[in-house]
Amino acid sequence: MARPIQGLIDTDVHVSIPDARVLLPHLEPYWREHVQRRGLERENFDTTAYPTGAPINARPDWKPDKGPPAASLERLQADLLDRYGHRAAILNVIHGAQAMFSEDLSLAFCRAINNYIAAEWLAKDKRLRASIVVPPHSAELAAEEVERLAGDDRYVQVLTLAMSELPLGRRQHWPLYRVAEKHGLPIGIHAGSSFRHPPSAGGWGSLYLEDYVSYSQGFAAALNSMITEGVFVKFPALKVVLIESGVTWLPASLWRLDKTWRGVRAETPWLEEQPAHTVRRNVRLTLQPFDAPPTAAQVQKVLEQLNSEEMLMFSSDYPHWHYDGDDAIPDGMPDDLIRKICIDNPLNTYPRLKETTS
């Protein structure tokens, strides 16, 4: 593997909320009292999709002596931004607010998280950008939060989880996609689940290994749903970024989708082109975790099968442990493609980055 190039744009950097208490100043007065009356500030709301004890979720040299990883701006700057020479980095918060059953409480926490990120991270380093965290079980409330923050160009994306209560293509989600397209904000679909349903299509597994590997199934299902339900026909300018999806599963999934679409296309008359064409135009993937085959030649074969140099974007996935040292770029990628992955593709995917980092 190789070190990324200077001036890169990192499309997936994680920030931890160290304690629910830090969100109290950023909650609306009613919700602050509500949270304190119920003692909810004593909870950390860690999501079980990313258990803190799993070694893969925190690289040893990125893990602090005390507290959760990725909770310190100073550590982020030293470990990543200064070390790699970042031009920009997009912060993605994965939090229990995205799995709460109460839509109103979920919105309150998501809003507090967004306010906290703006005050404690974005305001203190000009290289930082962020995704808008939204309540996944109410598209109307999610759209309301996007509208609230759309005027702040430091927010460059809307964040949701791959596996939610309903498939992501269903029309119940369309109010969120409508407002995202309106403001030129991609939808970032991150690995994770609200656990309303088993992560695996075969039911509940026994081990974290089962859940983690099955996330590619969740991404395939989400993408199939968005394509077949006509999301990209209704919202042709909408970009979707699959974050921590892996990469090598996609070519075979697209081949199967194209083949089946030709056989049953009468049931989806709104799909006037092969699904793979739509995906290559509207969908992007973050690089890490790159489920790399053993040799550089095999990596090149996967890239050929993707049949696009615009789809991959650099991500460190900080602080998760998918590579050692500075070797964030898999072997087998030509230099011109590395530049596209690290700089050109992110700029073309996120219009606000092009406007504010040039």
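For the condition closer than 24 Å to residue 330 by Cβ and either assigned to a helix (DSSP H, G or I) or touching a strand residue (DSSP E or B) at 6+ places or on another chain (Cβ under 6 Å) (or both), residue 292 does not qualify.
One line per residue, one yes/no per condition, for (1) aliphatic (A, V, I, L, M); (2) at pLDDT below 95:
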{"site": "212", "(1), (2)": "no, yes"}
{"site": "226", "(1), (2)": "yes, no"}
{"site": "232", "(1), (2)": "no, no"}
{"site": "245", "(1), (2)": "no, yes"}
{"site": "262", "(1), (2)": "no, yes"}
{"site": "278", "(1), (2)": "no, no"}
{"site": "282", "(1), (2)": "no, no"}
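From the list 102, 106, 206, which one is buried (at least 20 other Cβ atoms within 10 Å of the Cβ) and not hydrophobic (A, V, I, L, M, F, W, C)? After ruling out the rest, the residue left standing is 106.
Taking the options 40, 24, 73, 91, name whichever one is buried (at least 18 other Cβ atoms within 10 Å of the Cβ) and not charged (D, E, K, R). Explain how you work it out, then say what you get.
On the way: 40 fails: buried (at least 18 other Cβ atoms within 10 Å of the Cβ); 24 fails: buried (at least 18 other Cβ atoms within 10 Å of the Cβ); 73 fails: buried (at least 18 other Cβ atoms within 10 Å of the Cβ).
Residue meeting the stated conditions: 91.
Within the range 246-259, can one find any residue that is within 20 Å of residue 48 (Cβ to Cβ), in contact (Cβ under 8 Å) with a residue 60 or more places away in the chain and within 20 Å of the chain's Cα centre (by Cα)? So far as the range 246-259 goes, no, none of its residues is within 20 Å of residue 48 (Cβ to Cβ), in contact (Cβ under 8 Å) with a residue 60 or more places away in the chain and within 20 Å of the chain's Cα centre (by Cα). Among all residues of the range 150-158, there is at least one that is out of contact with any Ser or Thr (no Cβ under 7 Å at 6 or more places or on another chain) and under 17 Å from residue 175 (Cβ atoms).
Once the range 29-53 is narrowed to residues that are farther than 30 Å from residue 321 by Cβ and of a type in the set (Lys, Arg), the residue that is nearest to the chain's Cα centre (by Cα) is 32. For the range 54-63, a residue qualifies if it is in contact with a helix residue (DSSP H, G or I) (Cβ under 8 Å, 6 or more places away or on another chain), surrounded by fewer than 17 Cβ atoms within 10 Å (Cβ to Cβ) and under 20 Å from residue 326 (Cβ atoms), and the qualifying residues are 56, 61. Would you check if residue 22 is in contact with a Leu (Cβ under 6 Å, 6 or more places away or on another chain), hydrophobic (A, V, I, L, M, F, W, C) and within 21 Å of residue 145 (Cβ to Cβ)? For residue 22, the condition - in contact with a Leu (Cβ under 6 Å, 6 or more places away or on another chain), hydrophobic (A, V, I, L, M, F, W, C) and within 21 Å of residue 145 (Cβ to Cβ) - is not met.
Exactly one residue out of 111, 129, 148 is at pLDDT 95 or above, of a type outside the set (Val, Ile, Thr), touching a strand residue (DSSP E or B) at 6+ places or on another chain (Cβ under 6 Å) and over 26 Å from residue 221 (Cα atoms): that is 129. Name every residue in the range 169-188 that is assigned to a helix (DSSP H, G or I) and buried (at least 17 other Cβ atoms within 10 Å of the Cβ), in order of residue number. 173, 174, 175, 176, 177, 179, 180, 181, listed by residue number. Quick check, is residue 258 acidic (Asp, Glu) and at pLDDT below 90? When the stated conditions are applied, residue 258 does not pass them.
Residue count for the range 130-154, restricted to those that are in contact with a helix residue (DSSP H, G or I) (Cβ under 7 Å, 6 or more places away or on another chain) and assigned to a strand (DSSP E or B): 3. Scanning the range 312-339 for residues that are more than 23 Å from residue 78 (Cβ to Cβ), out of contact with any Pro (no Cβ under 8 Å at 6 or more places or on another chain) and modelled with pLDDT of 95 or more returns a single hit, 312. Entry remark, the range 131-168: residues being buried (at least 17 other Cβ atoms within 10 Å of the Cβ), over 17 Å from the mean Cα position of the chain (by Cα) and among the small types (Gly, Ala, Ser) number 4 in total. Considering the range 47-103, and only residues there that are basic (Lys, Arg) and part of a loop (DSSP other than H, G, I, E, B), the residue that is modelled with the highest pLDDT turns out to be 87.
The values are calculated or read from the model by the stated rules, or taken from the named source; none is laboratory data. Nothing here was measured: the structure is a model prediction, and the numbers come from that model. Glycine gets a Cβ as well: all are built from the backbone with ideal geometry, and neighbour counts include every protein chain shown.
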